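So the structure is just underneath, and the comments pick up after that.
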Amino acid sequence: MHITYLTFAERLSVEILQSADEGKNIEKYMNAVKEIKTLDDNKKEEKSAQLIDELISINAVNAQIDEPSDIEDIRKRRSSGPRRMLVNMDDDILYDKIFGAWLGRCSGCLLGQPVEGWYRDRIWGFAKDTNNYPINYYFSSKVPDDIRKKYNIKDDGIVYSSNKINWINNIEHMVEDDDTNYTILALSIINQYGLNFTSENVAESWMFNLPILHTCSAERVAYQNISNMMDAPQSAIFRNPYREWIGAQIRADFYGYITPGYPELGAEMAWRDARISHTKNGIYGAMWVAAMLSAAAITDDIEEVIRVGLSEIPKDSRLAKGINKVFGWQKEGLKWEEAIDRLHEEYDETIGHNWCHTIPNAMIVAISLIYGHGDFERSVGIAILAAFDTDCNAATVGSIIGMLQGAGNLPYKWIEPLKDTIISGVQGFGKIAISELARRTIPFARRTMQL
């Protein structure tokens, strides 16, 4: 039960790392942390909550870290960018691109689901031992017994509404995942509240349309805070050590889908959504992804897509520096495997905070896009082999390449297993055609193109 509801003792261990990331002096609190670990459960919870409150309230000692969460302050610190790009496409092309983005997101997510939580050596070993390195198809559990034993392959396990691990041989269509639930929920939000939706509308939609146990980390804490009558930004801050984790970044895609050629608006919509559960780089990741998708509808230059995304977030933020570091690795002449090595030298995948944090996962997205050269299979494959949050990163990469290439250009072998069908945990969208989601997206995209 404590895992389901995220105890304060669990949160404290993450808050220490998060506060250090933000440039706060945590050394004087370490003895208190050690003492709390010796207490009985009730006292441990009380003291952990108090220390989390104190850590969140203190200011950073590193004055070089200037990372606002307010949209106007974010915009003051961003680099120059196109803000608005020339759009000229007919309905068929627009639909093909948006359908491609939906399909790409589903496909990448499905590829990463069975190996989510695996460390890099296990993923690479399994891929090589099953002749799937570099990645050339979905992972299957139909492998020889010695390989099943070596990699502890299991078929049974609860994954949202399914009682099976979602290996390709266990699925009949796209299965439920938070990476797709939020994309569908964003469609529901826009459909109900319109393009001028507010953060309060997003919070209300969560309450009505998404069960709390379908949320994780920052979203679950924010859900609890919203239930206790907190509005953004307090809902994102109060006792929430996961505020810079990847959750908001995986919620942002739809805002890019409906703003082709308008990255500034896509990023702003992502900000309105992200701020109910995230701060700083947690918000920037969402804005970056939405702006990239806005650009991917217009240009097939993948580096331009990434840089347009960067132009909507603070240029000196830790996230922007991380992504620019990937460009630097490319300039050095590193191969994609070597870029992944560099990432793992900087971030320890065995530490949950690193594994789920926005920055290393965004860097993986950047590595996958830069070294994938616009090729769908190569790009999502790199995202998986980089490890960390596999389904999240492959879903984002697949979404961007799907938008860039269009549905008609995506490899059949990656799209056919989806059967143009998806299951979600979002109220009113239990089982629906992926093509129908794309059709419902088009009117909103057309509307922003006319603004």
Looking at the range 272-290, which of the residues that are without any contact (Cβ under 8 Å) to a residue 40 or more places away in the chain and closer than 24 Å to Glu15 by Cα is surrounded by the most Cβ atoms within 10 Å (Cβ to Cβ)? Ala286
State the number of residues belonging to the range 189-212 that are closer than 19 Å to Gln224 by Cβ and either in contact with a His (Cβ under 8 Å, 6 or more places away or on another chain) or hydrophobic (A, V, I, L, M, F, W, C) (or both). 7
Determine whether Leu103 is in the same structural domain as Ser317 (by TED's automatic domain parsing), in contact with a Gly (Cβ under 7 Å, 6 or more places away or on another chain), under 18 Å from Ala395 (Cα atoms) and surrounded by 20 or more Cβ atoms within 10 Å (Cβ to Cβ). yes
Within the range 85-93, can one find any residue that is in contact with a Ser or Thr (Cβ under 6 Å, 6 or more places away or on another chain) and surrounded by 10 or more Cβ atoms within 10 Å (Cβ to Cβ)? no
Looking only at residues that are polar (S, T, N, Q) and modelled with pLDDT of 95 or more in the range 425-451, which one is nearest to Ser161 (Cα to Cα)? Ser435
Can you tell me which residue in the range 369-413 is nearest to Arg105 (Cα to Cα), limited to those that are among the hydroxyl-bearing types (Ser, Thr, Tyr) and crowded, with 24+ Cβ neighbours inside 10 Å? Ser399
May I ask you to verify whether Gly282 is within 22 Å of Ala394 (Cα to Cα) and within 14 Å of the chain's Cα centre (by Cα)? yes
Residue satisfying condition, being in contact with an Asp or Glu (Cβ under 6 Å, 6 or more places away or on another chain) and of a type outside the set (S, T, N, Q), within set Ile171, Ile184, Ile190, Ile165: Ile165
Tally up the residues in the range 19-37 that are in contact with a helix residue (DSSP H, G or I) (Cβ under 6 Å, 6 or more places away or on another chain) and either among the β-branched types (Val, Ile, Thr) or exposed (fewer than 13 other Cβ atoms within 10 Å of the Cβ) (or both), please. 2
Every residue from the range 172-214 that is within 25 Å of Thr448 (Cα to Cα) and among the hydrophobic types (A, V, I, L, M, F, W, C): Ile184, Leu185, Ala186, Leu187, Ile189, Ile190, Leu195, Phe197, Val202, Ala203, Trp206
Single match in Ile58, Ile74 (criterion: at pLDDT 95 or above and not basic (Lys, Arg)): Ile74
Those residues of the range 38-70 which are within 16 Å of Thr279 (Cβ to Cβ) and either in contact with a Cys (Cβ under 7 Å, 6 or more places away or on another chain) or surrounded by 15 or more Cβ atoms within 10 Å (Cβ to Cβ) (or both) amount to Ile52, Leu55, Ile56, Ala60, Ile65, Glu67, Pro68, Ser69
For Asp300, the lone unmet condition from (1) surrounded by fewer than 24 Cβ atoms within 10 Å (Cβ to Cβ); (2) touching a helix residue (DSSP H, G or I) at 6+ places or on another chain (Cβ under 7 Å); (3) part of a helix (DSSP H, G or I) is (3)
Among the residues that make up the range 145-163, is at least one of them among the aliphatic types (A, V, I, L, M) and free of Cβ contacts under 8 Å to residues at least 12 places away in the same chain? yes
I'd like to know if the range 57-76 contains one or more residues that are more than 28 Å from the chain's Cα centre (by Cα), among the aliphatic types (A, V, I, L, M) and in a helix (DSSP H, G or I). no
Among the candidates Ala290, Ala252, Ala297, Ala274, single out the residue that is aliphatic (A, V, I, L, M), assigned by TED's automatic domain parsing to the domain that holds Ser368 and more than 18 Å from Met403 (Cα to Cα). Ala274
Of the residues Ser48, Ser80, which single one is over 24 Å from the mean Cα position of the chain (by Cα), assigned to a loop (DSSP other than H, G, I, E, B) and of a type in the set (Ser, Thr, Tyr)? Ser80
Phe139 fails exactly one of (1) touching a residue at least 24 places away in the same chain (Cβ under 8 Å); (2) buried (at least 16 other Cβ atoms within 10 Å of the Cβ); (3) in the same structural domain as Ile422 (by TED's automatic domain parsing), namely (3)
Exception for Ala407 within (1) more than 21 Å from Pro114 (Cα to Cα); (2) at pLDDT below 95 falls at (2)
Restricting to the range 175-203, give me the number of residues that are closer than 17 Å to Asp391 by Cα and out of contact with any Lys or Arg (no Cβ under 8 Å at 6 or more places or on another chain). 6
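The values are calculated or read from the model by the stated rules, or taken from the named source; none is laboratory data. Predicted model only: the values in this text are computed from it and were never measured. Neighbour counts are summed over all protein chains in view; Cβ atoms, including those assigned to glycine, are modelled from backbone coordinates with ideal geometry.
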